[in-house]
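Readers should treat all values here as calculations from the given coordinates under stated rules, not as data from a laboratory. Fair warning: this is a prediction, and the values are worked out from it, not measured in the lab. Here the Cβ positions follow ideal geometry from the backbone for every residue, glycine too, while neighbour counts run over all protein chains shown.
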Amino acid sequence: MFKLAYLYVVLPLAVFVILFLSKDLQLPPGMEETGISRAFLKASLYIYRLLKGRIKSASSEKIRVYLRTLEQRKDMENAEAEYFTRKISIVLIMAFAGSLLALAASLGAGSVSHFDEEGQIKRDGYGGSDYETVLVATDAAGEQVGEFEMNVGTRLFTRKEAEELFDEAAGDLETAILGENESLDNVTQNLNLTEELEGYPFDIRWKVDNYEVMGQDGKLKEENIPEGGTAVMLTATFSYEENDWQQVLYANVMPKVLTPGERAVKELKGLLQKADKDSRTENAIPLPKSYEGRELVWSEKKTDNSLILLMLTLTGGAISYVLKDKELKKSLEERQKQMLGDYSQMISSLVLYMEAGMTMRNIFGKLSSSYLREKKNGGPDRFLYEEILMTNRELASGTSEADAYEHFGIRCGGQQYTRLSTLLTQNLKKGNSQLLTLLREESKNAFQARMDRARKAGEEAGTKLLLPMIIMLVIVMIIIMIPAYLAF
């Protein structure tokens with residue numbers, strides 16, 4: 001047990017060493033945290049710089065492409081450093097906290113023992129709880145015989161001990177059920193007929209001999225209490241294991257002494273009920289105009305839900321903040337899906353224009369002008385042609401064709417556009433004849449890939465319809481089987 005504790009110390013010590021080594025590092029400009037968070041970010045930046053360039057994976061490259069696509073920042077090196085530093089800091093903090101918790105749990109597990117001095121398993125007393133433990137049996141030579149799971153229940157009272165506890169509980173019960181009443185001789189408020197008594201192991205059941213005046217839970221029915229009061233017999237049955245004991249109590253239930261304000265409310269309530277009853281055949285209910293010589297002015301209580309509205313809007317704002325990340329991811333997925341769908345059409349356009357004798361630079365200009373003209377006439381925005389438009393502007397500003405095509409592939413992302421960018425840059429020196437052949441082959445492959453995606457989408461749609469079909473089948477079976485079952 002304690003060997004594991006030594007193991008749990010290693011990681012926190014390593015974290016402290018990294019925190020010390022990284023204390024003088026400067027964080028990227030976008031990271032403004034302070035306190036312990038800043039210290040862990042520095043440590044994460046230290047780890048990132050150690051691992052940068054040594055570990056390269058496909059997932060890391062995908063993340064970098066993702067960042068370039070969404071951020072559109074010039075200082076991509078700082079953007080990558082900030083992203084990976086924050087990721088590493090989360091892992092570092094969780095590992096550090098987990099090690100400390102594991103260390104505490106390991107030390108606690110080693111210090112807790114359920115054996116007493118005589119080598120017996122201890123039970124919890126009343127108020128405790130059952131627990132499970134695993135016992136290991138070994139012989140005199142130290143060889144393990146086996147492991148045994150054991151559920152250790154709490155200690156039960158003997159019959160004699162339970163009777164002594166009942167005598168004590170019977171004396172406490174009368175006080176416990178009073179509620180706001182001073183004694184059972186003058187009960188004007190609801191009684192608290194509790195089903196358990198704190199500090200005692202009994203379950204208590206109640207029986208009331210006059211349910212017209214008092215309910216099973218001790219709640220008074222004030223409208224049925226006579227003016228002179230009435231006595232109510234309460235029978236409490238104490239149960240413990242298989243044993244029962246009974247205690248009988250008497251409550252003198254009296255009408256509640258109303259304050260002037262309570263009496264006024266009660267009498268006015270009666271007047272309103274009488275006015276409602278007397279005017280059932282009329283279009284309106286006449287309200288009492290005076291009470292005990294005082295003129296009454298009636299108005300409606302307005303329900304103000306402004307606070308609820310504020311809380312709902314704040315909650316909605318918080319939920320929107322959390323869902324914003326998912327919305328961003330969904331937007332990226334929609335962009336990738338749209339660009340993938342437009343790829344085959346764009347490749348076909350490149351082949352068509354090249355066969356007509358146009359250069360690649362002129363083709364990008366032609367596609368850009370056509371897209372701008374369609375947008376001016378109310379056409380939709382297309383992510384692919386926005387990237388083509390940006391590439392055309394780069395070419396117009398003096399950027400070399402090789403760099404412009406490479407930037408185009410990076411911005412578009414995806415294997416298809418990366419392959420197209422490579423074809424365009426590698427064939428600048430080989431002439432359009434070779435490029436046209438390669439683009440024709442790429443057009444065939446793009447069309448086949450589009451057909452495969454359409455076939456896959458159809459199969460997925462059929463799979464999604466499977467659950468509604470099963471639900472409908474179950475409903476039909478229920479409709480058929482229930483009448484058949486009821487007929488027998």
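Points to keep in mind about this one:
- Whole-Hz couplings from phi, Karplus 6.51/-1.76/1.60, listed for segment 382-387; x for Gly and Pro: 10, 4, 4, 6, 5, 5
- Among the listed pairs Lys52/Lys330; Lys23/Lys52; Lys375/Lys456, those with a Cα-Cα distance over 26 Å are Lys52/Lys330; Lys375/Lys456.
- Backbone N under 18 Å from the Asp167 label point (7 Å along Cα→Cβ), restricted to segment 182-219: 200-202
- Taking a straight line from the alpha carbon of Lys207, these aspartates and glutamates sit under 18 Å away, with near neighbours fewer than eight places off in the same chain left out: Glu174, Glu195, Glu196, Asp217, Asp244.
- Stretchable slack from Leu13 to Asn186, in nm (0.36 nm times residue separation minus alpha-carbon distance): 55.3 nm
- Modelled label positions at Trp298 and Asn224, each set 7 Å beyond Cα in the direction of Cβ, lie 3.1 nm from each other.
- Ranked by how many other beta carbons lie within 10 Å on average, peptides 401-411, 38-48, 277-287, 231-241 from highest: 38-48, 401-411, 231-241, 277-287
- Signed unit charges on C-beta, dipole axis of segment 164-320, positive-most listed residue Tyr291, Val265, Ser279: Ser279
- Net length available on complete extension from Asp209 to Met481 is 93.1 nm, with 0.36 nm assigned per residue and the Cα-Cα distance removed.
- Applying a threshold of 27 Å to the alpha-carbon distances of Lys266/Lys289; Lys274/Lys301; Lys221/Lys289 flags Lys221/Lys289 as lying beyond it.
- Rough spin-label spacing in nm, given labels placed 7 Å along Cα→Cβ, for Thr422 and Arg38: 4.6
- Per-residue ³J(HN,Hα) for segment 269-283, Karplus 6.51 cos²θ - 1.76 cosθ + 1.60, θ = phi - 60°, Hz, x for Gly and Pro: 4, x, 5, 5, 5, 5, 5, 5, 5, 6, 10, 5, 9, 9, 7
- Computed from the alpha carbon positions, the gyration tensor of segment 373-461 leads to an equivalent ellipsoid with semi-axes of 26, 21, 12 Å, biggest first.
- Pairwise FRET efficiency - Lys326 versus Ala356, Cβ, R0 = 45 Å, nearest 0.05: 0.50
- Note on Glu242 and Thr437: their simple-model spin labels are 9.8 nm apart, each label 7 Å out from Cα toward Cβ.
- Peptide packing for 418-425, 10-17, 375-382, 357-364 was compared via the average number of neighbouring C-beta atoms within 10 Å per residue; ordered from the highest value, the list is 418-425, 357-364, 10-17, 375-382.
- Under-5 Å amide H pairs with Asn190, H placed in peptide plane, nonlocal only: Leu220
- Fully extended contour minus Cα-Cα distance, from Glu374 to Arg455, at 0.36 nm per residue: 26.1 nm
- Spin-label zone in segment 400-423 - amide nitrogen under 17 Å from a point set 7 Å from the Cα of Glu386 along the C-beta vector: 408-414
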